[in-house]
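K.L.:
Structure in structure tokens, see below.
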Amino acid sequence: MQSELMEQNKKQNHTVMATINCVTFNHKKYIRQALDSYLMQKTDFAFEILVHDDASTDGTSEIIREYALKYPNIVKPLIQKENQYSQGIDNISGAFNFPRAKGKYIFMCDGDDYFTSPYKLQKQVDYMEAHPDCTLCIHSTRIELIGKAITESQMRPYKGSRIISPEEIIDKPSGYAMSSMAFPARLVKELPNYYVICPVGDTPIQLIAAASGYGYYMDEVMSAYRVGVAGSWTSDGKRGDYEGKQKVYYDRMKKVYQEFDRATGRKFHEAAKSACKRTYYQTMVNLRRFDVIVKPVYRRYYKELSLQTRFFIQFEYRLPWLYHFVRRKFIG
């Protein structure tokens, strides 16, 4: 890899085509694999790696500095002395990394995830270069479980490579992995209000992309998404007042969709309305509110759930005592 990186350093004299946006916090166990997976990319263009560390306390920042010293023309860190997320800044990328991105395209990947294909950047850039109206390029992603749980093995939103309409991006039955997302940097030069108020970073980018063009899905695994990492947004959300957090999350997402609807002149009104309704339903699934889950009005969203998820919902709904016994026995 060393000779290839020397070549990549030379390319930095030319226009940077891709920016890899990496946000980290206490990812000491994972950040080396993430950075190595970025550096292994085989491209015919220059790329940069922007790493924002939100005042990690576990040694993550020291590892980032090590890589920045070794690859100063590629790895460009911003290491905070005070945690920004705790100060109320939800979307770190928009506040700190997007403004300093030099690439024509931005690739998303958190510090606890990583790329699995050395040709990921090249393939996605090639497609977007050949299709200027494509504003979001994604692919399937392998799921890696940390700890004990039952989950899917892959995030594969569609069966087969294909174009994704703006309405499908907004109103989709399954999520897109952050580490699969690539989009033109021009989309985030000026961030709309619905991005700023959103509690998560991936959904508003998808909405921005839908408002400006269409998407393309590559049915190929080119990254990995870790589930259950301590300190992650998902893991932290399950601590404390989980029900209260789910309510706050839905209320904030409802405002995001309403703001997006206004900003786009209600062009995607039905899609935004359905996406908001799905978000509510998913919070009810998370809370196991069976009185809502089984309502006929939500039948569409229930059918979108995976067979595995539906099985466990029915198991817990019909035989709660047995479900909880089995869960304690096998998961803890």
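K.L.:
So which residues in the range 130-144 are among the charged types (D, E, K, R) and within 18 Å of Y225 (Cα to Cα)?
P.N.:
Across the range 130-144, the qualifying residues are R142, E144.
K.L.:
Then there's this: Just checking, which of S165, S180, S117, S161 is of a type in the set (G, A, S), within 14 Å of A224 (Cβ to Cβ) and surrounded by fewer than 22 Cβ atoms within 10 Å (Cβ to Cβ)?
P.N.:
Values: S165 fails: within 14 Å of A224 (Cβ to Cβ); S180 fails: surrounded by fewer than 22 Cβ atoms within 10 Å (Cβ to Cβ); S161 fails: within 14 Å of A224 (Cβ to Cβ).
Matching residue, one of S165, S180, S117, S161: S117.
K.L.:
Moving on to the next point. Quickly run through the range 92-114 and pick out the residues that are farther than 19 Å from C137 by Cβ and crowded, with 23+ Cβ neighbours inside 10 Å.
P.N.:
Hits for the range 92-114 are G111, D112.
K.L.:
Out of everything in the range 294-315 that is out of contact with any helix residue (DSSP H, G or I) (no Cβ under 6 Å at 6 or more places or on another chain) and crowded, with 18+ Cβ neighbours inside 10 Å, what residue ends up being nearest to P157 (Cα to Cα)? Spell out the reasoning first.
P.N.:
Step one: of the range 294-315, the residues out of contact with any helix residue (DSSP H, G or I) (no Cβ under 6 Å at 6 or more places or on another chain) are 294-297, 299-300, 302-314.
Those still in the list that are crowded, with 18+ Cβ neighbours inside 10 Å too: 305, 313.
Values: L305: 12, I313: 21 Å.
Ranking the qualifying residues of the range 294-315, first place goes to L305.
K.L.:
Search the range 176-229 for residues being under 25 Å from K245 (Cβ atoms) and among the polar types (S, T, N, Q), and hand back the single one that is farthest from the chain's Cα centre (by Cα).
P.N.:
Here the answer is N193.
K.L.:
Checking A68 against (1) crowded, with 19+ Cβ neighbours inside 10 Å; (2) within 25 Å of R226 (Cα to Cα): exactly one of these is not met. Which one?
P.N.:
Unmet condition: (1).
K.L.:
In the set T43, T57, T19, which member is under 21 Å from A224 (Cβ atoms) and either part of a strand (DSSP E or B) or without any contact (Cβ under 8 Å) to a residue 60 or more places away in the chain (or both)?
P.N.:
On inspection, the qualifying residue turns out to be T19.
K.L.:
Looking at the range 282-292, is at least one residue at pLDDT 90 or above, aromatic (F, W, Y) and either touching an Asp or Glu at 6+ places or on another chain (Cβ under 7 Å) or more than 30 Å from N83 (Cβ to Cβ) (or both)?
P.N.:
yes
The values are calculated or read from the model by the stated rules, or taken from the named source; none is laboratory data. The model shown is predicted, which means the values in this text are computed figures rather than measured ones. Note: ideal-geometry Cβ built from the backbone for every residue, glycine included; neighbour counts use all protein chains shown.
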